Amino acid sequence: MNWINRLQSKWNLKNTTQVIVVLIVFACTGFTVAFLKRPIIAYFVGEGDQNFWFWLVYLILIFPVYLLFLLLYGFIFGQFAFFWGFVKKTFGRFKRKKNDAEQE
């Protein structure tokens, strides 16, 4: 169970149960987004080959959908505060890269 202890330490979680719940939330979110990917993309791009437009729409739409489901499942499983911090940290990384590029 050493890897669970490392995750608990890295994520600043209180106990092993909380680590397992966070992993379940990640699993549920990934499954949901994988399940919804094709219908969402088909609505905007249509059925067929996975061309440039498929991947562009996928990257633009699926990332925010993933984060929304992450927050939703986090709320359902009682871990909203953890995942809210996770989402803010994710967007903070984008913002920091933008500011770093502007300073150069």
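The simple spin-label model puts a point 7 Å past each Cα toward its Cβ; for TRP3 and PHE94 those points are separated by 2.9 nm.
Structure remark: mean-square fluctuation, Gaussian network model of the chain, C-alpha springs under 10 Å; the largest value among LEU59, LEU23, LEU36 belongs to LEU59. For the stretch 70-79, 3J(HN,Hα) computed residue by residue from phi via the Karplus equation (6.51, -1.76, 1.60; θ = phi - 60°) reads 4, 5, 4, 5, x, 5, 4, 8, x, 10 Hz, glycine and proline entered as x. Counted by Cβ distance under 15 Å from VAL22, the other residues give a net charge of +4, where Lys and Arg count +1 and Asp and Glu count -1. Taken one residue at a time, the phi angles of the stretch 17-29 give Karplus couplings (6.51, -1.76, 1.60, θ = phi - 60°) of 4, 5, 4, 5, 5, 4, 5, 5, 4, 4, 5, 4, 5 Hz. Gly and Pro are set to x. By the helix-only formula, in which each DSSP H run with n ≥ 4 contributes -39500 (n - 2.57) and the sum is divided by residues, the chain has a 222 nm mean residue ellipticity of -26500 deg cm²/dmol. Per-residue Karplus couplings for the stretch 31-45, computed as 6.51 cos²θ - 1.76 cosθ + 1.60 with θ equal to phi - 60°, are listed in order as 5, 4, 5, 5, 5, 8, 4, 4, x, 5, 5, 4, 5, 8, 10 Hz, Gly and Pro entered as x.
Based on the alpha-carbon set only, what is the convex hull volume of the chain divided per residue, in Å³?
So the per-residue hull volume is 143 Å³.
Taking every lysine pair in the chain that is 8 or more places apart or spans two chains, those with Cα atoms closer than 23 Å amount to 10.
Each reported figure results from applying straightforward, stated rules to the coordinates on display, with no laboratory input. Predicted model, so just to flag it, every value in this text is computed and none were measured. Positions of Cβ are backbone-derived with ideal geometry, glycine not excepted, and every protein chain shown enters the neighbour counts.
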